[in-house]
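What follows is calculated from the coordinates using simple rules that are stated; it is not laboratory data. Everything quoted here is computed from the prediction, not taken from an experiment. Neighbour counts are summed over all protein chains in view; Cβ atoms, including those assigned to glycine, are modelled from backbone coordinates with ideal geometry.
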Amino acid sequence: MPEVIFNGPSGRLEGRYSHSKIKNAPLALVLHPSPEHGGTMNNKITYNMFQAFAARGFSVLRFNFRGVGRSQGLYDNGEGELSDAASALDWMQEINPNAPYVWVGGFSFGAWIGMQLLMRRPEIAGFVSVAPPANTEDFTFLAPCPTSGLMLQGDRDDVVTEESVADLVARLHEQKGIEIDYRVMEGANHFFHDQNDQLIEHMHDHLNKSNAGMQYTPDFREIEKVA
């Protein structure tokens, strides 16, 4: 997966990009957890989500938000990071002008940014939000939420409470036409220690049901390409 550098609102942004071998493949953008708490694009969950999208035939990008790694700029409490994510999607679309749709994935802070991005970009067809920080961040901007997607949460998460995410899901389910596939993983903490494989299995299962990218069995063997 080649290292890439692209222009963001506050300078250069550092990323890793995997280009699909499939012609006119869909795109996926994966967003990392909070820079304030050491989050980078090499976070294990972020990396595994990136690999899962790539395995399904997506062209996929993960990158460091401003001020992280070799990305220029300073942490901006989410506002600037949302602009970074928009620039990252712009960069991918410039080199993939015929991509049919986009998915966005994010972990914790990255899930919050990803949900904001999908409100602004109608080409985003689905999302995977892992431990969205519903107990610390405002999600009222999802009014209405423009697309259905997957939310994954651990029942032993001591950073993001399961109750707060369940409440967010309940509020989203009140919106017509929106289906949130909410999966609570028993025994999982905030970082899904020893359960990353199961997390990715849930992700593949949801994407299979959504006909996103390539169809995969639980052991991730390719069985069918989705048009």
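Could we say that ASN24 is over 27 Å from PHE191 (Cβ atoms) and out of contact with any Cys (no Cβ under 8 Å at 6 or more places or on another chain) here?
Considered against the rule, which asks whether it is over 27 Å from PHE191 (Cβ atoms) and out of contact with any Cys (no Cβ under 8 Å at 6 or more places or on another chain), ASN24 comes out as yes.
Quick check, is SER71 crowded, with 18+ Cβ neighbours inside 10 Å, over 18 Å from the mean Cα position of the chain (by Cα) and either within 26 Å of ASN208 (Cβ to Cβ) or of a type in the set (Gly, Ala, Ser) (or both)? Quick ask: steps written out before the conclusion?
Values: crowded, with 18+ Cβ neighbours inside 10 Å: yes; over 18 Å from the mean Cα position of the chain (by Cα): yes; either within 26 Å of ASN208 (Cβ to Cβ) or of a type in the set (Gly, Ala, Ser) (or both): yes.
Yes: the conditions hold for SER71.
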Study note, to complete from the structure: Within segment 149-181, restricting to residues that are under 15 Å from the mean Cα position of the chain (by Cα) and not small (Gly, Ala, Ser), the one that is surrounded by the fewest Cβ atoms within 10 Å (Cβ to Cβ) is ASP181
Exercise for review: Could you grab the pairs with beta carbons closer than 8 Å, sequence gap of 6+ or different chains, first residue in segment 36-55 and free of Cβ contacts under 8 Å to residues at least 24 places away in the same chain and closer than 23 Å to MET214 by Cα, second one crowded, with 17+ Cβ neighbours inside 10 Å and charged (D, E, K, R)?
Suggested key: TYR47/ARG62
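Out of ALA86, ALA125, ALA99, which single residue is in a helix (DSSP H, G or I) and of a type in the set (A, V, I, L, M)?
On the way: ALA125 fails: in a helix (DSSP H, G or I); ALA99 fails: in a helix (DSSP H, G or I).
Exactly one of ALA86, ALA125, ALA99 is in a helix (DSSP H, G or I) and of a type in the set (A, V, I, L, M), namely ALA86.
Between GLY38, GLY8, GLY15, GLY57, which is farther than 20 Å from ILE200 by Cβ and either surrounded by fewer than 22 Cβ atoms within 10 Å (Cβ to Cβ) or of a type in the set (Lys, Arg) (or both)? Let's see the steps before the verdict.
On the way: GLY8 fails: either surrounded by fewer than 22 Cβ atoms within 10 Å (Cβ to Cβ) or of a type in the set (Lys, Arg) (or both); GLY15 fails: either surrounded by fewer than 22 Cβ atoms within 10 Å (Cβ to Cβ) or of a type in the set (Lys, Arg) (or both); GLY57 fails: farther than 20 Å from ILE200 by Cβ.
Selected residue: GLY38, the only one of GLY38, GLY8, GLY15, GLY57 that is farther than 20 Å from ILE200 by Cβ and either surrounded by fewer than 22 Cβ atoms within 10 Å (Cβ to Cβ) or of a type in the set (Lys, Arg) (or both).
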Study note, to complete from the structure: Only one of (1) in contact with a Pro (Cβ under 6 Å, 6 or more places away or on another chain); (2) of a type outside the set (Ser, Thr, Tyr); (3) part of a strand (DSSP E or B) does not apply to ARG183, and that is (1)
